[in-house]
Every structure is written in C-alpha cells, then in structure tokens.
C-alpha cells in the first residue's frame, strides 16, 4: 500500500457557531468561506457555502464532518465529504478551539474524504480511497490529500 499526494487545499473558515453541550458532546458548526486547491492531480478553488460540523467529545476528541464543494480549474463541481478525528494534549486542543496557532506535530488531525463528481475527467475520485492530513490555523484549515493505492 502506498500514499500518493494529489493536492493541498487551504480552506478559509469563519467564526464557529456554538451549539452548546449536546448528548454526544459540545457541538459546533464552522462555516466554510472559500479557499484554494493546488496539486499535481487537482487544482481549483473551494466554494463558499460548506461547513464543518464538529462534536467535541468528553474524552477530548473532536469528531469532524465537513461538507463542501471544490470547483476544478476547468469549472467542474466536485462534492467533498471529509470526516475524521482531531485530538491532542488538553492544552493544545484548548488553544485550537480558541483559534490560536499551535505546532502541527503537536496534535493528531486525520480524515478520510469521499468525493462525488459527474464529469468523467474526475471519475477517478470516486474509484479510490483517500486519506487527509490536516493543520488548523486561526482563519483556515490546510489539508493535504493522498490517494491510497
């Protein structure tokens, strides 16, 4: 099994909408404002209008479920459903939740994205599994996408 880098996305995010404590943990919705996509197999932009639904569990793990659309350089709309986990030492996670910068290697942030697209030029996105490594910054999330082969 190998991981092949396919693209990096810089996703601009807005202020969290706090849902408060729910049965599963503290709920938050993070609006997606736009962004860029660049890489050897896909380039374009992240469209505004998506969001990242998060549950901050009592054990300190953030369950992440982001849904948004990438528009390729050719104008092809690609739906992204990116779910995963983020966790680390309590002091690091508190800084992330507060919107502060922390070293990327001080916490775990991994997702398993799925793509949906109708254009045959990008059908390969629906025929493979992908993994993603994330870094949370104060006003954006940087995501590196890898194809599993």
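The values are calculated or read from the model by the stated rules, or taken from the named source; none is laboratory data. None of the values given here were measured: they were computed from a predicted structure. Positions of Cβ are generated from backbone atoms using ideal geometry, with glycine treated the same way; all protein chains shown enter the neighbour counts.
Things worth noting here:
- Hey, residue 109 surrounded by fewer than 18 Cβ atoms within 10 Å (Cβ to Cβ) and under 22 Å from residue 36 (Cβ atoms) or not: no
- Tabulated pairs, the stretch 59-81, first at positive phi and at pLDDT below 95, second loosely packed, with under 15 Cβ neighbours inside 10 Å and outside any loop (DSSP other than H, G, I, E, B), C-beta under 8 angstrom, 6+ apart or interchain: 60/90
- Some residue of the stretch 88-97 being under 18 Å from residue 14 (Cα atoms) and loosely packed, with under 13 Cβ neighbours inside 10 Å: no
- Condition met for residue 27 (farther than 21 Å from residue 131 by Cβ and surrounded by 16 or more Cβ atoms within 10 Å (Cβ to Cβ)): yes
- Pair list, Cβ < 7 Å and 6+ apart or interchain, from the stretch 111-138 residues that are more than 30 Å from residue 16 (Cβ to Cβ) to residues that are in a strand (DSSP E or B): 122/72; 122/78; 126/115; 126/116; 128/147; 128/148
- Qualifying residue in the stretch 35-51 (condition: at pLDDT 95 or above, part of a strand (DSSP E or B) and either touching a helix residue (DSSP H, G or I) at 6+ places or on another chain (Cβ under 9 Å) or exposed (fewer than 15 other Cβ atoms within 10 Å of the Cβ) (or both)): yes
- Single condition residue 121 does not satisfy, out of (1) surrounded by fewer than 15 Cβ atoms within 10 Å (Cβ to Cβ); (2) within 22 Å of residue 58 (Cβ to Cβ): (2)
- Scanning the stretch 56-67 for residues that are assigned to a strand (DSSP E or B) and either farther than 17 Å from residue 110 by Cα or within 14 Å of the chain's Cα centre (by Cα) (or both) yields 62, 63, 64, 65, 66, 67.
- Residues that are closer than 27 Å to residue 39 by Cα, part of a strand (DSSP E or B) and either more than 17 Å from the chain's Cα centre (by Cα) or in contact (Cβ under 8 Å) with a residue 40 or more places away in the chain (or both) occur at least once in the stretch 84-98.
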